[in-house]
Amino acid sequence: MFNFIQQNKREIIVVVKLFIISFFIQSCKAQKKETVVLEKPEVSIEDIQQVSVSSKLKENFNSTSLNALDFRVPAKKVMPGVVHIISTYKGKSISVDRLEIPDFFKDFFGDDFEHFFDNPNQNPNQNPRSRMGSGSGIIITDDGYVLTNNHVIKNADEIEIVLNDNQSFKGKVVGTDSATDLALLKFEAENLKFILLGDSDSLEVGEWVLAVGNPFNLSTTVTAGIVSAKARNINIIRDHASIESFIQTDAAVNPGNSGGALVNLKGELIGINTAIASPTGAYAGYSFAIPVNIAKKVIDDLLNYGEVQRAYLGVYMRNLNSDLMEELDLKSTQGVYVDSIVEHSAAEEFGVRKKDVIIKVDKEKIESSPRLQEVIGRYHPGDTVTIGLIRKGEERTIEVILKGSSFEGVVSKEKREKVLNSLGITVENLSEKERVKVKIEGGVKVTNIFPGLVKKYTEIKKGFVISKLNNEVIKSVNHFVDILENTKGGVLLEGFYLEDFNEVHYYAFGLE
């Protein structure tokens with residue numbers, strides 16, 4: 001008995017941990033509404049998977065090393081864990097600037113893309129014809145959580161998830177992250193076969209991998225290739241805070257594979273297929289996948305907070321070259337050169353300087369700018385990291401407490417919902433395009449209004465941009481919630497509508 005416990009110690013600890021978390025959450029739900037809502041304990045997707053593996057599904061996840069040229073076992077293992085995603089779009093709900101849509105998004109929709117957004121022959125008095133896009137997704141829990149690309153489901157009115165055995169379910173969006181082009185979906189099912197998350201950091205160039213997805217609306221398809229490169233930045237994610245550190249492979253990937261799985265020969269997920277390098281829109285030799293270690297952070301944040309809480313160092317950087325190597329008297333071009341420092345950032349506050357060369361973050365070696373983005377992007381605001389760098393030819397280390405993009409801390413999903421529900425609104429950060437248009441650095445936009453203080457005491461309408469709260473400039477949703485959480489008495493909102501942003505409106509009411 002003792003030997004059994006020792007051999008299964010990690011699995012027992014994980015089960016007990018998840019039982020305690022589940023008991024705590026259920027206890028919180030049982031409290032009366034006026035009870036203070038405690039912050040939800042962090043839940044890890046890896047812990048969730050291990051609990052299922054530790055119980056009835058363990059036989060499906062044998063990680064025995066396999067012959068490098070025998071793909072049958074990993075293919076059989078992962079195919080049930082890859083789904084076909086069908087996104088339905090109803091014309092009136094689409095509002096996209098065609099000039100800003102990257103080519104890989106156009107490839108996703110195929111030759112009918114232009115008519116998808118603008119049908120010149122359509123009678124304006126008729127309801128616009130529904131369109132559908134096709135992609136792939138990865139089941140990551142036995143109760144129906146699915147990981148996919150954000151561009152696969154972005155702006156969709158309906159999402160259908162089709163399993164490998166052709167069962168069909170209605171999917172809902174749990175959360176999205178445009179900076180990494182990832183989205184988390186959920187459908188209602190039990191005892192599903194899912195794909196275990198691997199470790200993309202341990203992946204090596206030349207290693208065999210399999211790409212699994214639904215290209216060209218075909219049923220689940222498996223292709224094989226090798227890892228051609230790591231930490232590739234190809235500038236396809238159109239987000240001001242984008243993180244690109246792709247795994248490059250020569251496994252055949254085509255439109256429809258987006259959101260599908262890239263797995264190693266143990267059948268572990270090591271990447272999410274996202275883009276192809278192609279002059280035609282079809283496979284032409286190379287494809288790119290988001291490393292699973294980036295996805296783990298996104299999944300955990302969406303489960304715990306409802307949005308991604310990403311840390312930033314606050315440096316403008318570039319890769320080293322021979323000229324910089326000679327100028328700085330370096331021994332190699334491995335590392336990232338700091339061009340300048342962002343004002344009020346963590347880097348400025350804790351002593352990173354212009355012309356420093358960053359070579360390490362904690363124990364992770366930094367060879368390039370995409371790699372630094374990837375590693376820092378795994379942390380939360382408030383986390384402490386040790387930065388290894390070279391300054392004037394000497395190696396040194398600096399401890400840095402990271403900040404968020406707007407230099408705010410983490411706000412839990414429960415806290416945000418509690419505060420916003422009392423107001424009766426939902427809000428979102430302004431997009432980069434909207435901030436540039438109105439020339440402000442922050443601000444939050446009201447996306448929905450329901451019974452609450454705002455509807456009861458003001459005339460605020462959907463689309464109103466809140467720029468100040470009690471005369472304090474609003475930087476982000478987290479900042480807005482944090483101020484409200486610590487406000488007693490009266491609230492003064494200042495803001496405008498994007499259609500006429502020069503006209504400022506003021507609304508005041510008391511907190512109940």
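What the table shows:
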{"item": "For the stretch 152-264, accessible area per residue (1.4 Å probe, heavy atoms of protein chains only), Å²", "result": "41"}
{"item": "Where labels lie 7 Å past Cα in the beta-carbon direction, separation of GLU190 and ILE401 in nm", "result": "4.6"}
{"item": "Whole-number percent relative contact order across the stretch 403-512, with pairs defined as alpha carbons under 8 Å at least 6 apart", "result": "25"}
{"item": "Projected area, mean over directions - the stretch 344-409, Cα convex hull, nm²", "result": "4.3"}
{"item": "GLU327 versus GLU394: modelled label distance in nm, points set 7 Å from Cα along the beta carbon direction", "result": "2.2"}
{"item": "Efficiency of FRET between SER168 and LYS365 - r from beta-carbon atoms, R0 35 angstrom, step 0.05", "result": "0.15"}
{"item": "Full-stretch length increase - TYR316, LEU492 - with 0.36 nm per residue and alpha-carbon distance subtracted", "result": "59.7 nm"}
{"item": "Globularity index of the stretch 400-507, i.e. its alpha-carbon radius of gyration over 2.2 N^0.38 Å", "result": "1.03"}
{"item": "Under 5 Å, built H, 5+ apart or other chain: amide partners of ALA224", "result": "ALA211, ALA252"}
{"item": "FRET efficiency for ASP47 and GLU459, using Cβ-Cβ distance with R0 set to 35 Å, rounded to 0.05", "result": "0.15"}
{"item": "Entries in LYS296/LYS354; LYS154/LYS415; LYS331/LYS363; LYS365/LYS403 that, when Cα-Cα distance is taken, lie over 23 Å", "result": "LYS296/LYS354; LYS154/LYS415"}
{"item": "Relative intensity, log₁₀ I(q)/I(0), of the stretch 285-442 from a Debye sum that treats every alpha carbon as a point, q = 0.09, 0.10 Å⁻¹", "result": "-0.37, -0.45"}
{"item": "Rounded Å value of the spacing that divides the Cα centres of the stretch 303-322 and the stretch 341-406", "result": "10"}
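The values are calculated or read from the model by the stated rules, or taken from the named source; none is laboratory data. These figures come from a predicted structure and were not determined experimentally. As a convention, Cβ positions derive from the backbone with ideal geometry for all residues, glycine included, and neighbour counts pool all protein chains shown. The accessibility values were calculated without ligands, DNA or RNA, using every heavy atom of the protein model including side chains. Shrake-Rupley method; radii C 1.70, N 1.55, O 1.52, S 1.80 Å.
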